[in-house]
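Structure record follows, encoded as structure tokens.
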Amino acid sequence: MGIVLKQSLNNTLITYGGFAIGALNLLFLYTRFLSDEYFGLVNVILSASSVLMPLLAFGIPNTLVKYYSGFQELNGKDGFLTLMVFLPLILIVPIGAISYLANETIGNFLSKENPIVKGYVWHIFIIGVAMAYFEVFYAWAKVQMKSVFGNFMKEVFSRIVITFLLLLVYWDLISVLTFLNAMVGMYILRTLIMQIYALRSLRLKLDFNFPANSREIINYSTLIILGGSAAIVLLEVDKVMINQFIEIKNVAYYSVAGYIATVIAVPSRSMHNITYPLTAEILHKKDMKALKTLYQKSSLTLFIVSGLIFILIILNLNDLYNLLPESYRGGYAIVFIIGFARVYDALLGNNNAIMYNSDFYRALLLMGVALAILTILLNLWLIPKYGLDGAAIASFMAFFIYNTIKLGFVKLKFGIQPITKETFKVVFLLVILSAIFYFVSFPFHPLVNIALRGMLILLGYVFVLYRFRISEDVFGAISFYLGKLGRKK
């Protein structure tokens, strides 16, 4: 798993750099430079765009990864790639026309509870298109095993630009309305840069002689739309639905708590960038032994890292909230509930990659659609009843059911599961560290307290992992960095 570990580590560093900038934006700049209402509006626009994105992308990112290896040595590669570029227009054009003709109706629906949302239908659509084509060209680079630059553009570039724009708002050089328009421009620019990079790594020669199995490819893409939409619904629909029931400023409060918990998902996102194409290649070769090894190693590695981040967040949450404005400090339960769901998600390793790239992808799509519908129904029930905590509970229930079904399905169809005896060793280690450091407190500034407690937890965790060699991949990574440190000395 050398290439996986190497690119995953690079992607993790980039992604965490991006998340650090995102944390600065979300926790400190947005909360102070924009009103709660406009911060909530930004989150509604981006969440609605994210929900729309899989539909506009027409499932192409997954399709490109699944089918590219089969065309790598064939003359039909150019026809396949041409098909991948133009297929999204099948839905982008009519949805754009509907957005134009029914702009007033859509705006009235989105602004039922919060009138401020009404004038931003086009912002949602254009950002959705930009996100869709960004993912297409990101997948284009991934199939060449070049995921790092795309990850930088996705996680770092956009957040740096947002930081700059927020500072311009603070210095009164631009208005909030100009900020919202510039945000749209940033997503378009990001897509154009990604397109240039992708086409340099794998040139496109337009060829409208599409592959013989185009019908199969289009059918797969159509089904993937449902799966991709379902996955995004599970992640983003809560913020859109909060806007439909309670004041939009609550979207801002929920987004801050959700973002803190979402940091746990960074290792998964980083590793999936490389395990998706690798899993597709293994399944293409029908190497079940390699598949089982990758499944269990990816699960253990992600659980080790995500579990550590979870306890670091929970044990430092009080100090972290002391750094935020008073109105943003009520999300303890939200962070815990969503964070726990993210850890369970990490435990699945490359489960999604296995199902999406196998012959059983239709089952995953049906599960996803059913769970997306369930998520919407749970939000409809729980948000009016319990407010923001209700949205978090709805998300947790949906993730728990969805992931449990996926674990069982892969076990049933492939005879493999990700949990090993090492998994339980990690659980035991996390519980012990949590019990010890729950009672450890410091009387200093919150940032100093977080740094001290985090360093002690990290040192204890790494020492036990290294001393007892719980994971060979993690042991190898620690040995590598210790060796580099030793050489520098």
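Counting only residues that are of a type in the set (Phe, Trp, Tyr) and closer than 16 Å to GLY258 by Cβ, which one in the range 385-416 is least open to solvent (accessible area, probe 1.4 Å)? Here the answer is PHE399. For the range 371-384, the candidate set comprises residues that are farther than 12 Å from ILE242 by Cα and surrounded by fewer than 15 Cβ atoms within 10 Å (Cβ to Cβ); within that set, the residue that is modelled with the lowest pLDDT is ILE373. Applying the condition of being out of contact with any helix residue (DSSP H, G or I) (no Cβ under 8 Å at 6 or more places or on another chain) and closer than 22 Å to LEU26 by Cβ to the range 285-341 and asking which residue is surrounded by the most Cβ atoms within 10 Å (Cβ to Cβ) yields ASN318. Do we have THR279 as open to solvent by 10 Å² or more (accessible area, probe 1.4 Å) and part of a helix (DSSP H, G or I) here? Criteria not met by THR279. Put simply, of GLY119, GLY76, GLY128 the only residue that is among the small types (Gly, Ala, Ser), more than 27 Å from the chain's Cα centre (by Cα) and surrounded by 17 or more Cβ atoms within 10 Å (Cβ to Cβ) is GLY76.
Examine the range 154-170 for a residue that is surrounded by fewer than 22 Cβ atoms within 10 Å (Cβ to Cβ), not in a helix (DSSP H, G or I) and not acidic (Asp, Glu), and state whether such a residue exists. No: zero hits.
Considering only residues in the range 83-109 that are in contact (Cβ under 8 Å) with a residue 24 or more places away in the chain, open to solvent by less than 80 Å² (accessible area, probe 1.4 Å) and part of a helix (DSSP H, G or I), the one that is nearest to PHE210 (Cα to Cα) turns out to be LEU83. Given the structure, is LEU430 touching a Leu at 6+ places or on another chain (Cβ under 8 Å), at pLDDT 95 or above and surrounded by 14 or more Cβ atoms within 10 Å (Cβ to Cβ)? Judged against the criteria, LEU430 is a match.
Could you tell me whether ILE419 is modelled with pLDDT of 85 or more, surrounded by 14 or more Cβ atoms within 10 Å (Cβ to Cβ), out of contact with any strand residue (DSSP E or B) (no Cβ under 9 Å at 6 or more places or on another chain) and on the phi < 0 side of the Ramachandran plot? Against the criterion (modelled with pLDDT of 85 or more, surrounded by 14 or more Cβ atoms within 10 Å (Cβ to Cβ), out of contact with any strand residue (DSSP E or B) (no Cβ under 9 Å at 6 or more places or on another chain) and on the phi < 0 side of the Ramachandran plot), ILE419 qualifies.
Can you work out which of the residues in the range 392-429 that are touching a Gly at 6+ places or on another chain (Cβ under 9 Å) and assigned to a helix (DSSP H, G or I) is farthest from ASP345 (Cα to Cα)? Here the answer is LEU429.
Checking SER47, SER69 one by one, the residue that is polar (S, T, N, Q), surrounded by fewer than 19 Cβ atoms within 10 Å (Cβ to Cβ) and closer than 26 Å to SER270 by Cβ is SER69 and no other. PRO443 satisfies every condition listed in (1) at pLDDT below 85; (2) surrounded by fewer than 12 Cβ atoms within 10 Å (Cβ to Cβ) except (1). Residues in the range 1-20 that are surrounded by fewer than 19 Cβ atoms within 10 Å (Cβ to Cβ) and either of a type in the set (Gly, Ala, Ser) or modelled with pLDDT of 85 or more (or both): GLY2, GLY17, ALA20.
Could you tell me whether any residue of the range 223-231 is over 30 Å from ALA392 (Cα atoms) and touching a Gly at 6+ places or on another chain (Cβ under 6 Å)? The answer is no, given that none of the residues of the range 223-231 is over 30 Å from ALA392 (Cα atoms) and touching a Gly at 6+ places or on another chain (Cβ under 6 Å). If the condition is being at pLDDT below 85, part of a loop (DSSP other than H, G, I, E, B) and farther than 23 Å from ILE383 by Cα, then the range 313-360 contributes ASN357, SER358, ASP359, PHE360. Cβ separations smaller than 8 Å between residues 6+ apart or across chains give no pair from the range 414-432 residues that are under 24 Å from ASP359 (Cβ atoms) to residues that are surrounded by fewer than 12 Cβ atoms within 10 Å (Cβ to Cβ). Within the range 201-211, at least one residue is part of a helix (DSSP H, G or I), touching a Lys or Arg at 6+ places or on another chain (Cβ under 9 Å) and open to solvent by less than 40 Å² (accessible area, probe 1.4 Å).
Could you identify the single residue in ASN181, ASN243, ASN219 that is of a type outside the set (D, E, K, R), surrounded by 21 or more Cβ atoms within 10 Å (Cβ to Cβ) and part of a helix (DSSP H, G or I)? Criteria check complete, one pass: ASN243. Among residues of the range 384-398 that are within 14 Å of LYS239 (Cα to Cα), those with a Cβ under 9 angstrom from a residue that is open to solvent by 60 Å² or more (accessible area, probe 1.4 Å) and of a type outside the set (A, V, I, L, M, F, W, C), sequence gap 6+ or separate chain, pair up as LEU388/GLY330; GLY390/PRO384; ALA392/TYR386; ILE393/TYR386. Tallying residues that are closer than 30 Å to ARG200 by Cβ and not aromatic (Phe, Trp, Tyr) within the range 147-180 yields 15. For the range 338-377, a residue qualifies if it is over 20 Å from ILE419 (Cα atoms) and β-branched (Val, Ile, Thr), and the qualifying residues are ILE338, VAL369, ILE373, THR375, ILE376.
Would you confirm, using the coordinates I've provided, whether SER229 is farther than 24 Å from LYS385 by Cβ, modelled with pLDDT under 85 and not in a loop (DSSP other than H, G, I, E, B)? Yes, satisfied.
The values are calculated or read from the model by the stated rules, or taken from the named source; none is laboratory data. These numbers come from a predicted model, not from an experiment. We place every Cβ from the backbone using ideal geometry, glycine too, and count neighbours over all the protein chains shown. Ligands, DNA and RNA are stripped out before the accessible areas are found, and what is left, the full protein with its side chains, is counted by its heavy atoms. Shrake-Rupley method; radii C 1.70, N 1.55, O 1.52, S 1.80 Å.
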